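Undergrad: This structure is in structure tokens; I'll ask about it shortly.
None of the figures in this text is laboratory data; all of them are computed from the coordinates on show. On a predicted model such as this, the values are computed, not experimentally measured, just so you know. FYI the Cβ positions are ideal-geometry reconstructions off the backbone, even for glycines, and counts take in every protein chain you see.
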Amino acid sequence: MQFDPNDKQSLTARVYEHIREDIIEGRYANGAYLVETKLAEELDVSRTPIREALKQLELEDLVVSMPNRGVMVQGMSSQDIDDIFTVRHLLEGQAAYWAAERIDAGNLARLTEIIELMEMYTRKNDVANLARLDTEFHEVIFSASNSRILRHILTSLHRNTRQVRVNSLSTPDRPTHSLSEHRVIFEAIEHHDPVAAKDAMEIHVINARKRRCAGTADNKE
């Protein structure tokens, strides 16, 4: 693999993002060992950016350095995911509340466009694009909240549960229900109703958590 030379991110940052995404999306199983030389060969880079990227990932507890053995993937545990939903429930309602109060014309226009695209991809049952738009929908709301703190925290949490959302949207009827929930959130923000926006977002997160728990239970059967 070769990185785009026009990408303005530093090489270490790009390597970090690539490995991090592979861990979050489960391409590396928990307990697997990451070998610097192998990663350097696969990504066509030297070992230095690999080493620096692994140090960053260790700070996030996504990998752990094992003495005399190497770097082992920890990934996201079931408890981690459950904790993320708890924090999302506590914070995303506030983000939606502020977005309803503070959203500008540009962000509102983008939310309108996202809802229209969601409707189209729901009809097509295109899970990949729905997951992408789901991420963008929430990120626009985080931006519209005009709170750098909330945006930073919630964007990170969403990145960590991207694969969970893809799995959820792959279940029967979830795309339709998800679209309905997003539309209610959008309409509350569009009408600058912060209380309704907060309530709608909290319901959306609760439903996503229930779907995730149901999916986990199904996998155990």
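Undergrad: Kindly count the pairs of lysines across the chain whose alpha carbons are less than 24 Å apart, treating pairs on different chains or eight or more residues apart as eligible.
TA: Taking the Cα cut-off of 24 Å, the pair count is 4.
Undergrad: Counting just the Cα atoms, what span does the stretch 77-178 cover along each of its three principal axes? Round to the nearest Å and put the largest first.
TA: Extents along the principal axes, in whole Å: 36, 34, 17.
Undergrad: Can you give the helix-only mean residue ellipticity at 222 nm for the chain, where every DSSP H stretch with n ≥ 4 adds -39500 (n - 2.57) and the sum goes over all residues, rounded to the nearest 500 deg cm²/dmol?
TA: -24500 deg cm²/dmol
Undergrad: Got a sec? Charge dipole of the stretch 98-221, +1 on Cβ for Lys and Arg, -1 for Asp and Glu; which of Phe137, Ala188, Val164 is way out at the positive end?
TA: Val164
Undergrad: To test your reading of the geometry: what angle, between 0 and 90 degrees and rounded to tens, separates the Cα axis of helix 148-160 from the longest principal axis of the chain?
TA: 70
Undergrad: Related question: Expressed in nm to one decimal, what extension gain is obtained for the pair Met72 and Lys38 from 0.36 nm per residue of sequence separation less their Cα-Cα distance?
TA: So the chain would gain 10.8 nm between Met72 and Lys38.
Undergrad: Here's another thing I want to ask about it. Given the convex hull of the Cα atoms of the stretch 1-132, what is a quarter of its surface area in nm²?
TA: Averaged projected hull area, Cα only: 11.3 nm².
Undergrad: Give the label of the value calculated from the structure for volume of the Cα convex hull per residue in Å³, choosing from [x] 141; [y] 130; [z] 109.
TA: Step by step, volume of the Cα convex hull per residue in Å³ for this structure corresponds to label [x].
Undergrad: Which order, highest average first, do 168-179, 79-90 follow once you tally other Cβ atoms within 10 Å for each residue and take the mean per peptide?
TA: 168-179, 79-90
Undergrad: On to the next question. Relative to the longest principal axis of the chain, what angle (0 to 90°, nearest 10) does the C-alpha long axis of helix 105-124 take?
TA: 80
Undergrad: When the scattering of the stretch 123-213 is computed by the Debye formula from its Cα atoms alone, each counted once and equally, what is log10 I(q)/I(0) at q = 0.13, 0.23, 0.24 Å⁻¹?
TA: -0.42, -1.33, -1.41
Undergrad: Still on this structure, I have one more. For Asn125 and Leu90, calculate 0.36 nm times their separation in residues minus their Cα-Cα distance, and state this gained length in nm to one decimal.
TA: The Asn125-Leu90 span can extend by a further 9.6 nm.
Undergrad: Could you work out how far helix 11-24 tilts from the main Cα principal axis of the chain, as a 0 to 90 degree angle to the nearest 10?
TA: Taking Cα atoms only, the helix is inclined about 70 degrees.
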